[in-house]
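Bear in mind that the values in this text are calculations on the coordinates, not laboratory data. Note that the coordinates shown come from a computational prediction; the quantities given were computed from them, not determined experimentally. Every residue, glycine among them, receives a Cβ derived from its backbone with ideal geometry; neighbour counts consider all protein chains shown.
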Amino acid sequence: MPERNGYSYIELMVVCGILIILSTAVVPLARWDQKRRKEVKLRSTLQNVRHALDAYNKYVREGLIPSAMLELDQCALPAHPETCWPLSLDQLVEGMEVGDPTSPDGVEIVTFLTRVPDDPVMGIPEWGLRSYQDDWDASSWGGENVYDIYSLSSLRALDGSYYAEW
């Protein structure tokens, strides 16, 4: 019987066929995993920015950011909660003077965000904004203040919801 030194053409074709079948299963899994990672990052980013907005609101309500309030202390009144929110996301990045200027400790500059984060789905640092006066599901910003943010993407998430609804 003669000795075989390699693989036959049919054996190579079978192996190539198996590799093609396996790769067609891996590519959708890789895309799904990439989308899932973006969704996790989007949820985290939304949570961080909303936390920064809430921290700003808390500082204003406690009177630690006097320059952000109107002449009267209207923010402390339940009738005017709209004055407790920043005018833009940049205001959270630039920082605010926090503290009592009459105290011996003075004031310090507090930044709530280091930068306006990128929307992981869109890949750009642009967000949909809602002011306190807007409806909870408004898709246009009234411009009075920044109460909430949302993704500008019109794509659907893995769970079937739209990213803009998060």
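Using a simple spin-label model with points 7 Å from Cα along the Cα→Cβ vector, what separation in nm is obtained for Asp159 and Ile21? Once both label points are built, they end up 3.6 nm from each other. Packing order of peptides 119-130, 25-36, highest average first: 119-130, 25-36 (average count of other Cβ atoms within 10 Å over each peptide's residues).
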